[in-house]
Amino acid sequence: MSRTARARQEIGRFLSIRAVQVAELDLDGEAAGLRPGPGSPPVTSGEVFVLVRREGRPVGTLLGRVPEGAEPREVLAGLARDLGPVAAREAVPEPPSASVVVATRERADRLARALDSLLAQDHPHFEVVVVDNAPVTTETRELVERKYGERVRYVCEPVPGLAIAHNRGVAAARNEVVAFTDDDVVADPRWLTELTAPFAADPRLGCATGLILPARLRTPAQVLLESHGGFAKGFTPRTYDPKSPPPDEPLFPFTAGRFGSGANMAFRTSVLRAVGGFDPAMGAGTYAKGGDDLYGFVRVLAEGHRLHYTPQALVWHHHRETWRDLETQAYGYGAGLTAYLTAILVNRPGLLPAFLAKLPGGLAHARALTAARDTDGGGGAPGAHDTRTHPWPRRLSRLQRRGMLYGPVGYLRARRALRTVTLESR
């Protein structure tokens, strides 16, 4: 088959992807019942992506179909019965004080939705800091001042770049832990408590990450991305310790994408400041395209601190909506991956021997990561997240590989551009 014919076939498959409903199903406790996901209408017949909870705690996801005329809760509860009982909850220590940083740029409508969910957190002592990155209008400032007043602090960072904006947020943070999320999420009411409590339990913990699920699956792009795992890292808590590298992670710590994502992460503030924060030449808005969160994870691990992933810390993410968005995302993720590895070696050259020793395995991992992926039949065990109900297009795989080739160049360009901005500001 020619490349043109294959491209047409892929586009046809993409356009045939139908919307999926998003819902939450709690099987136990006072809040037991079925409810739509954030911003979604009530569940009806058709395909439904379901977060299953027990006693309010996330335990898995499933993709089910509700027949016409059937009761959605009964059908979906039946599909969820194979999900095991939730483990006994250990005593949760009093979470440390926290500063939540949200970097944004000209998306006041989405930002308002995110801030509403953040201000509804059950955490006992926290603040919210909005960093307005290289604004071209006063819309964000006006939103914060008009609607939120003293409940949200507004900070302006004129130099573009997500890492730069995050570093401005770190400088402004007043509390023991600094958490980060995006302006296109809705945070679960217990998100901040669950994300920060591990810092009180483990003095060696430097970073924590949490679960990210789709807020909506209305477009083919959103469904396709979630079909291949989205941003979720599973429902099993895990601690990564550089003093005891995980045997099932031979490339540790360089496969930082396994640890979590920037839309749901927190750091002990003193630790993040001690490692110099995020590399300002990285992230959206720079030539490097991304990778700033991965850089932060590895820098903290490289200093001997632990990283903990918890699925109890949940945010709902509004995925990008169009094919063009997916193309941009695939290229950016590829670029960010190799850009962050370049940044690590530039800033921590002592890691070069370990990196070279793991390079052959890393190349094999990169090939697998960017391969065009077929479906797995779409079945999957109940609660399985990455069921691959739709094939991953070859064009997106090629774009990700091109991004990986560009990443080191992009990072070096971003460093030069940053030096130029610094000199001009003097």
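Can you send over the carbon and sulfur percentage of the accessible area for region 1-47, probe radius 1.4 Å, protein chains only? The value for region 1-47 is 51 percent carbon and sulfur by accessible area.
Note on the chain: along the principal axes its Cα atoms extend 69, 59, 48 Å, ordered by decreasing extent. With N as its number of residues, region 143-272 has a Cα radius of gyration that, divided by 2.2 N^0.38 Å, comes to 1.19. The alpha carbon gyration tensor of region 166-219 gives principal lengths a ≥ b ≥ c with a/c of 1.5 or higher and a/b no greater than b/c, which makes the shape oblate. Within the chain, DSSP assigns beta bridges of which about 45% are antiparallel (rounded to the nearest 5).
Here r is the Cβ-Cβ distance between Arg110 and Glu71 and R0 is 41 Å; the resulting FRET efficiency, rounded to 0.05, is 0.75. Taking all protein chains together and rolling a 1.4 Å probe, Arg413 ends up with roughly 90 Å² accessible.
Each helix, a run of at least 4 DSSP H residues, gives -39500 (n - 2.57); summed and divided by the residues of the chain, these come to -12000 deg cm²/dmol at 222 nm.
Equivalent ellipsoid of region 1-136: semi-axes from √(5λ) of the C-alpha gyration tensor, largest first, are 33, 29, 15 Å. Seen from a random direction on average, the alpha-carbon convex hull of region 215-309 projects onto 7.6 square nanometres.
Region 21-73 and region 264-319 have their alpha-carbon centroids 31 Å apart. Here region 157-183 and region 106-140 have alpha carbon centers that stand 12 Å from each other. Computed over protein heavy atoms with a 1.4 Å probe, the accessible surface of the chain works out to 44 Å² per residue.
With a Förster radius of 25 Å applied to the beta-carbon distance between Glu139 and Glu321, the computed FRET efficiency rounds to 0.75. First compute the accessible area of region 148-301 with a 1.4 Å probe, then give the percent of it belonging to carbon and sulfur atoms. About 54 percent, which is the carbon plus sulfur part of the accessible surface.
Ranked highest first by the average count of other Cβ atoms within 10 Å around their residues, in what order do 105-112, 61-68 fall?
Ranking, from highest mean packing down: 61-68, 105-112.
The solvent-accessible area of Met282, taken with every protein chain present and a 1.4 Å probe, is close to 0 Å².
The values are calculated or read from the model by the stated rules, or taken from the named source; none is laboratory data. Computed from a predicted structure; not experimentally measured. For neighbour counting, all protein chains shown are included, and Cβ atoms are generated from backbone atoms with ideal geometry for every residue, glycine included. Surface areas here come from the heavy atoms of the whole protein model, side chains and all, with no ligands, DNA or RNA. Shrake-Rupley method; radii C 1.70, N 1.55, O 1.52, S 1.80 Å.
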